[in-house]
1. For chain B, which span is the longest to avoid every loop-located (per DSSP) member of trypsin sites (Lys or Arg not before Pro) having at most 12 other Cβ atoms inside 10 Å?
2. Throw me the Rg/Rh for region A:9-50, computed over C-alpha atoms with Kirkwood Rh, two decimals.
3. Where a Cα-Cα gap under 20 Å defines reach, which aspartates and glutamates qualify for A:Lys192, not counting those fewer than 8 residues away within the same chain?
4. In Å², rounded to the nearest 100, what is the total accessible surface buried by chains B and A against each other with a 1.4 Å probe?
5. Please compute, for the alpha-carbon atoms of chain B, the extent along each of the three principal axes and give them in descending order in Å.
6. Anything in chain A that counts as a DSSP H helix reaching 20 Å or more along its axis (C-alpha) with Kyte-Doolittle mean of at least -0.5? List them, would you?
7. When you have a sec, figure out the Kirkwood radius of region A:91-199 from all distinct Cα pair distances and drop it here in Å to one decimal?
8. Name the residue, out of A:Pro11, A:Pro159, A:Pro119, whose mean-square fluctuation peaks in a Gaussian network model built on chain A with Cα pairs under 10 Å.
Amino acid sequence: MFENFFAGWEPVLMGAGIGLVFGFLLQKAAVTRYQTILGQFLFKDFTVLKVMLTAIVVGGIGIYAMRAMNPDMKMHIKNAALLGNVVGGLIFGVGMAILGYCPGTGTAALGDGSRHVIPGLLGMIVGAGVYAEVYPFIKDGLLKIGVITVDETSKVSLPQLTHLSPWWFLAALTVIAVVVFLIIERAERRSKAKPADSV
Amino acid sequence: MKNPLMLTTWSPYVVGAGIGILSWVTFAWMGKALGTSTTMARTAGVLTGLVAPDHVYGNAYYQKYLGTAAEPKAWFEWQFALVIMMIIGALVAAKLARSTFVEHVPELWTWRFGPSKWKRYLVAFVGGIVLLFGARLAGGCTSGHGISGGMQLAVSSWVFFLAMFASGVVTAFLMFGAKGRSHV
């Protein structure tokens, strides 16, 4: 396990720098808090959605702009094995509501002062181990159901699938994000104006 | 004006834009996409490997990340460092804001299930198992699939995002009900 385990200083230091900023940003948005994550699932606090949609829109515009300038730029799209994506997503959502964190926010929550995330992080490592043991039994079964392939790869993007320009999707996402944000902000202003519920 | 680094919270739009820009940097400089849950799989493999290395190097899943006994792959790589430093990044952000936040049992949880620390710890442990099993089955988590995949307009990631959000909402309402909304 300790033969050639170190990938080298350059990638490790760059990863460390990016991780430092990532953890910092997550804490500043308070998405490292259980109450914020559950607040999103209970439709009370929309911080998670605001962070994610903004990151997707800003990130997407930049990445497709870089790709327009350099068509050889490698993308990092995960396999469209739809049954695995859906079932995995459904299981993930259950776990996220129970734990109150996802893997990234949970890791950062440890630095932010959450103590109950410690057993959660240990559980995550166990869960990954359980999956590794199950994987040999599903790799030719469940994971092959609902696979979408375009141009001999299942790492498929919406533009590849539909033969539409990515800019149509990014423009639509931007409009959707702005409209959703305006609705949320308006609703939040209204609920603040009302006196607090007495429960 | 107060130093922005010392503010307790930033606008979620500012943080979202920051994560978006951080993704550009990760793509351009590292040729990678932000993600975290693969590191949990590597860690599980390394820990299992301490007692049963042959088993790990013979497992088709671990082979993807750790290689084989003849050709081991480096596991202390960029994402491993990223995940460890996320803890420090959040710690620095909290300390700069003079945060004294320590949470054993969240408020919403206490309201619904009582103040027992060990009950919450046990359920958090189980939640972690479920969470990572789902992430690995889907091929990623909120960062790798949701944010990085979402911005690349990946079919798999949008399917994952919608599925996980829907099931998170249903689970949260089953656990806490509409009355839980006044405790978050």
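The values are calculated or read from the model by the stated rules, or taken from the named source; none is laboratory data. Everything numeric here is computed off the predicted structure, so don't read it as measured data. Methodologically, a virtual Cβ is constructed for each residue, glycine included, from the backbone with ideal geometry; neighbour enumeration extends over all protein chains shown. The protein model used for the area step is the full one, side chains on, heavy atoms only, and it has no ligands, DNA or RNA in it. Shrake-Rupley method; radii C 1.70, N 1.55, O 1.52, S 1.80 Å.
1. Longest gap between qualifying sites, sites excluded: B:3-97.
2. 1.20
3. Filter leaves A:Asp45.
4. Working: alone 13050 and 14800 Å², together 16760 Å².
Buried area (both sides, nearest 100 Å²): 11100 Å².
5. Result for chain B: principal-axis Cα extents of 56, 43, 35 Å.
6. Within chain A the helices that satisfy the rule are A:9-28, A:47-69, A:82-99, A:117-138, A:166-193.
7. Roughly 18.9 Å, rounded to one decimal.
8. Its mean-square fluctuation being the largest, the pick is A:Pro11.
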